[in-house]
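J.: Take this structure first; my questions come after.
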Amino acid sequence: MHHLTPLSGFLGGALIGLASALLMLLTGRIAGISGIFGGLLPLRATDRGWRLAFIVGLIVAPLLAALGGASLPMPTMPTSYVVIAIAGLLVGVGTRMASGCTSGHGVCGTARLSTRSISATITFMIVAIAVVALTRHLGGS
Amino acid sequence: MPQLLAAFGCGLMFGAGLLISGMTQPDKVLGFLDIFGAWDATLAFVMAGAVIVTGLGFALARRRGTPMLASKLQWPTRHDIDAPLLTGAALFGIGWGLVGLCPGPAIVNLASFSLPVIVFVVAMAVGMLGFELWQQRASMRVAATAASATDG
């Protein structure tokens, strides 16, 4: 059971927005995580330096917070490694095929009022809602 | 070097935003996607905050014309809505709906050192690599047919 946390949600979102805005203002890059991460992998590697720096920043954030007394994140994951691996594969293939994910299309694309990004965002939202409806309300468990 | 520091700082801030918003917790994301259950609308507030601030920052960037630490602003250039965009978004949606993790929160959660998260991120990297490999093969085939067509 989860509760609505609108204030921390909005403030955290604003911080995500500030990071995306600053990345463009400072380096001229779009803060699309799947694109930044994908560009680190072989076959597609281009200017790895800033990409690696950004990804390291993402991982250091919870570690710094832990030093300050916060607890390390403990994500609730499905028990089946098969489900986890299939989901990871689909997220990898899908975000490369669509050239973006929740950050690149969802946040940056929507902020640019790009119809291409907004179409992608509506598509992955609707599909994800359908998957949750199927797994939680129709598939039992 | 200033570019690397800037990218690191932006990653740090982005990660902090994900943590504060609660979006690194898959069950909170799934709670948003579960519109037929006990719906948790938090993700909508996260998106609102992120899109408003990003929009303002982007408007400022356009007015300035050039970034402070690089030679040019690299805006995405495509506007078309094609089959790969929608198919890819749908595939991503399936994976996102199954676990409640998208690439950003998945990477931030690596700091939990939990095996399920590592498996997810490795599978994601394999999926990305697999897609690149498949695309390179496909474009080589196209080039080969084009070459044989001009030969013949």
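The values are calculated or read from the model by the stated rules, or taken from the named source; none is laboratory data. In this text, all values refer to a predicted model and were calculated from it rather than measured experimentally. For neighbour counting, all protein chains shown are included, and Cβ atoms are generated from backbone atoms with ideal geometry for every residue, glycine included.
J.: Residues in the range B:100-110: is at least one buried (at least 23 other Cβ atoms within 10 Å of the Cβ), in a helix (DSSP H, G or I), of a type in the set (A, V, I, L, M, F, W, C) and at the interface with chain A (Cβ under 7 Å from one of its Cβ atoms)?
T.: Among the residues of the range B:100-110, at least one is buried (at least 23 other Cβ atoms within 10 Å of the Cβ), in a helix (DSSP H, G or I), of a type in the set (A, V, I, L, M, F, W, C) and at the interface with chain A (Cβ under 7 Å from one of its Cβ atoms), which makes the answer yes.
Results for (1) free of Cβ contacts under 8 Å to residues at least 60 places away in the same chain; (2) of a type outside the set (Phe, Trp, Tyr), shown as yes or no for each residue.
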{"position": "B:Val99", "(1), (2)": "no, yes"}
{"position": "B:Pro103", "(1), (2)": "yes, yes"}
{"position": "B:Phe120", "(1), (2)": "yes, no"}
{"position": "B:Met140", "(1), (2)": "yes, yes"}
{"position": "B:Thr145", "(1), (2)": "yes, yes"}
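J.: Quick one: how many residues across the range B:58-85 are under 22 Å from A:Ser99 (Cα atoms) and within 7 Å of chain A (Cβ to nearest Cβ)?
T.: Summing the residues that are under 22 Å from A:Ser99 (Cα atoms) and within 7 Å of chain A (Cβ to nearest Cβ) in the range B:58-85 gives 11.
J.: Something else: Starting from the range A:69-89, take each residue that is within 7 Å of chain B (Cβ to nearest Cβ) and surrounded by 12 or more Cβ atoms within 10 Å (Cβ to Cβ) and list its partners that are of a type in the set (Val, Ile, Thr) and part of a loop (DSSP other than H, G, I, E, B), counting only C-beta distances under 7 angstrom and pairs at least six apart or across chains.
T.: Listed pairs, sorted by first residue: A:Pro73/B:Thr24; A:Pro75/B:Thr24.
J.: A further question follows. One residue is enough: does the range A:26-33 have a residue meeting the conditions within 16 Å of B:Gly15 (Cβ to Cβ), surrounded by fewer than 24 Cβ atoms within 10 Å (Cβ to Cβ) and out of contact with any Asp or Glu (no Cβ under 6 Å at 6 or more places or on another chain)?
T.: Scanning the range A:26-33 turns up no residue that is within 16 Å of B:Gly15 (Cβ to Cβ), surrounded by fewer than 24 Cβ atoms within 10 Å (Cβ to Cβ) and out of contact with any Asp or Glu (no Cβ under 6 Å at 6 or more places or on another chain).
J.: Now for a different question. Of all residues in the range B:34-50 being under 17 Å from the mean Cα position of the chain (by Cα) and touching a residue at least 12 places away in the same chain (Cβ under 8 Å), which is surrounded by the fewest Cβ atoms within 10 Å (Cβ to Cβ)?
T.: Ranking the candidates gives B:Leu43 first.
J.: In addition: Spot the failing condition for B:Ile107; the list is (1) under 25 Å from A:Leu4 (Cβ atoms); (2) within 18 Å of the chain's Cα centre (by Cα), and only one is missed.
T.: Failed condition: (1).
J.: Here is a list: A:Thr79, A:Thr102. Which entry is modelled with pLDDT under 95 and of a type outside the set (Gly, Ala, Ser)?
T.: A:Thr79
J.: Find the residue count for the range B:1-33, including only residues that are at the interface with another protein chain (Cβ under 7 Å from one of its Cβ atoms), surrounded by fewer than 22 Cβ atoms within 10 Å (Cβ to Cβ) and either under 18 Å from A:His137 (Cβ atoms) or out of contact with any helix residue (DSSP H, G or I) (no Cβ under 9 Å at 6 or more places or on another chain) (or both).
T.: 1
J.: If you don't mind, another one. Would you call B:Val53 more than 7 Å from chain A (Cβ to nearest Cβ), part of a helix (DSSP H, G or I) and under 19 Å from the mean Cα position of the chain (by Cα)?
T.: no
J.: For the range A:30-37, does any single residue satisfy the condition of being more than 16 Å from the chain's Cα centre (by Cα) and either more than 7 Å from chain B (Cβ to nearest Cβ) or hydroxyl-bearing (Ser, Thr, Tyr) (or both)?
T.: Looking for residues that are more than 16 Å from the chain's Cα centre (by Cα) and either more than 7 Å from chain B (Cβ to nearest Cβ) or hydroxyl-bearing (Ser, Thr, Tyr) (or both), one finds none in the range A:30-37, hence no.
J.: So, of the residues in the range A:115-124 that are more than 7 Å from chain B (Cβ to nearest Cβ) and buried (at least 20 other Cβ atoms within 10 Å of the Cβ), which turns out to be farthest from the chain's Cα centre (by Cα)?
T.: A:Ser117
Here is a yes/no grid of residues against (1) farther than 25 Å from B:Gly95 by Cα; (2) at pLDDT below 95; (3) more than 16 Å from the chain's Cα centre (by Cα):
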{"position": "A:Leu4", "(1), (2), (3)": "no, yes, yes"}
{"position": "A:Gly9", "(1), (2), (3)": "no, no, no"}
{"position": "A:Gly12", "(1), (2), (3)": "no, no, no"}
{"position": "A:Ile16", "(1), (2), (3)": "no, no, no"}
{"position": "A:Thr46", "(1), (2), (3)": "yes, yes, yes"}
{"position": "A:Ile59", "(1), (2), (3)": "no, no, no"}
{"position": "A:Leu64", "(1), (2), (3)": "yes, no, yes"}
{"position": "A:Gly68", "(1), (2), (3)": "yes, yes, yes"}
{"position": "A:Ser71", "(1), (2), (3)": "yes, yes, yes"}
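J.: Conditions: (1) touching a Ser or Thr at 6+ places or on another chain (Cβ under 8 Å); (2) over 13 Å from A:Gly17 (Cα atoms); (3) of a type outside the set (Gly, Ala, Ser). B:Val29 meets all but one. Number of the miss?
T.: (1)
J.: Which condition breaks for B:Arg62 when tested against (1) in a helix (DSSP H, G or I); (2) surrounded by 22 or more Cβ atoms within 10 Å (Cβ to Cβ)?
T.: For B:Arg62, the exception is condition (2).
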